[in-house]
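Chemist: Before anything else, here's the structure in question.
The values are calculated or read from the model by the stated rules, or taken from the named source; none is laboratory data. Not measured: the values here are computed from a predicted model. Counting neighbours? That spans all protein chains shown, and the Cβs are built from the backbone with ideal geometry, glycine included. Accessible surface areas use protein heavy atoms only, side chains included; no ligands, DNA or RNA. Shrake-Rupley method; radii C 1.70, N 1.55, O 1.52, S 1.80 Å.
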Amino acid sequence: MKKRSLWKVLSSAALAASILVPQVGFAEGAKPVTEENVSINGFVDYEELKSKLSQIEKSSNGLVQVESAGKTNQGRDIFTARVGHGDKVVLVQSEIHGNEKTGTVALLNILQYLGSSQSPEAKRIREELTIVAIPMMNADGSELDRRGNVMTWAEVQAQFPQLHNAQPTWNYYTRSLQGDDYSAAPGFDVNRDFNPDLNYVPKAEDFPGNSSTPGWYITPESQTVRDVYKGLQEEFGKVEVFLDLHHQNFYKIEGTDEDVTMSISADFVPDPSSPEGAKYSQYAENYRFDFSRQLNVELYDALQEKGNSVFTNISLYDQDLDLPGTALGSFALNGSGVVLFEIKGQTHNYGQKMKGQLVKTVETGVMGVINGVADGSVYDLNPEEYNEIPNRVAIR
C-alpha cells in the first residue's frame, strides 16, 4: 500500500503544553458519571492528532517516522508512527472504538519521550525494538465520539459485489448505542472485523456471522491495520507483541470493594492445540499463549510498583473467550504475544474527568511491557502468575 508522509507542523512548545503534563481532573475515587454533555475537549481530536504527530516527527530529528497507512471510510488518514530499529516489533493501537480515547494521549506521550529522550532507557528501547503505533485507528468514530465507524452496508456491498444478496453483519449498528443514534449514520464495530486468515476475501456464506466466528476485513480501518501487520511480518518475520487499548464499564476487584482501574487479558481464543480450539488447529504452531501471559504479568507488575493506590487496582478481563474476529484474537493466532488494556469508563461516563489518572495508568502499563521486551526480562517471568491476577466482578 502506498504511504505518504505527514507534513503539517506545530511548535514543540504547543505539544508539550497539551500532552506532556496530563491534567488530573478529579479529587475523589472513581464514580460513574451519567450527566449529559460531559466535556471531552481535553482529549485529542483528529486535527490535533495530525499536528502533534507532525511535531513529534520533526522534533525527533528522524527517530520517529509518521506515515499515512490508509484511509478511513470518510477519507481521514490512519496514521502510523514508528520509532526504534530493533529486530523485535511491538505494534500498538488505540481508538478502534472512537469513544475510548485515553490510549491515544498515552501513545502520544510515549512517542514524544522515545523520540526526544537520550536517557539510557530510551536508547535501549530504540536499539532493541521497533515500535509501531496506530494512535487513532477509527478516526471517523473518534470525531463523533462513538464506538462504531461510519459506513453503510450498501457501501460494503459496493466494494464487494459478491455480497449483493448477503445479510448485514451482526456487528452492524443501526440502533441507539451508548447514547449515539446510528440510524442516521450507520457503522460497524471494527473490532469484530478481523480474521486470522490475513488473506481472507469476503464470501457471502460467511455472513452475517456471530461473535465466535471470524470477521471479514470489510471496513477500510481493519484492512489498513491488517496491511500494516502483514507488512511488518514481511519485514521482520513476525510481530512479536500486539497491544490494543480500550475502555470498559465499571467493575470491582473480586473479593474487595475496590473499583477496577483497568482490566487486562491474554485470552481471546481457545488454544488451537486443545479440543476446544480444534477449529483453529492450523494456527497451533504459531500460538504463544504463555508469552501473552508473561506480557500481562509484566504489565501487572509495572502497575503494582506504584504502591498502594488506584494504579494497583488491576484485574483480569473475562477469560475463556472465543473472539477470532477481534484484532487480538486474530493476531494471537498469527504468533503475536497479545495484551488487552481495558481502562474504566467511557467518554459518556466521565468525559475528560479523571483523564490524568487514566492516561497515566495506560502509559505506565505500555511502558512496562515495552521495557520488559526490550531488556528481555519478560521472557523469564512465570506465566502461571497470570492466574494469580484477581478477577473483575460487575457492580450490582
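Chemist: Within 10 Å, count the other beta carbons around each residue, average over each peptide in 148-155, 276-283, 222-229, and list them highest first.
Modeler: 222-229, 148-155, 276-283
Chemist: Which shape class, rounded, prolate or oblate, goes with segment 224-290 when its Cα gyration tensor gives a ≥ b ≥ c as root eigenvalues, a/c under 1.5 marks rounded, and past that a/b bigger than b/c marks prolate?
Modeler: Because a/c hits 1.5 or more and a/b fails to exceed b/c, segment 224-290 counts as oblate.
Chemist: While we're on this one: Show that you can apply the helix-only estimate: for the chain, add -39,500 (n - 2.57) for every DSSP H stretch of four or more residues, divide by all residues, and state [θ] at 222 nm to the nearest 500.
Modeler: -9000 deg cm²/dmol
Chemist: I would also like to ask the following. Just want to confirm a number: the relative contact order over the chain, from Cα pairs under 8 angstrom separated by 6+ residues, in percent.
Modeler: Here the relative contact order equals 21 percent.
Chemist: Can you pull the three principal axis extents for the Cα set of segment 46-357, in Å, largest first?
Modeler: 58, 45, 41
Chemist: Per-residue counts of other Cβ atoms within 10 Å, averaged by peptide: what ranking do you get for 205-212, 284-291, highest first?
Modeler: In descending order of packing, they fall as 284-291, 205-212.
Chemist: Quick check: at a probe of 1.4 Å, how many percent of the accessible area of the chain sits on carbon and sulfur atoms?
Modeler: Summing carbon and sulfur atoms, their accessible area is 47 percent of the total for the chain.
Chemist: Over segment 107-195, what relative contact order in percent results from Cα pairs under 8 Å that are six or more residues apart?
Modeler: Across segment 107-195, relative contact order equals 23 percent.
Chemist: Now a separate question. Quick one: accessible area per residue over segment 46-357, 1.4 Å probe, rounded to a whole number of Å²?
Modeler: Computed with neighbouring chains in place, this is 35 Å² per residue.
Chemist: Here's a follow-up. Looking at segment 254-383 from every direction and averaging, what is the projected area of its Cα convex hull in nm²?
Modeler: 9.1 nm²
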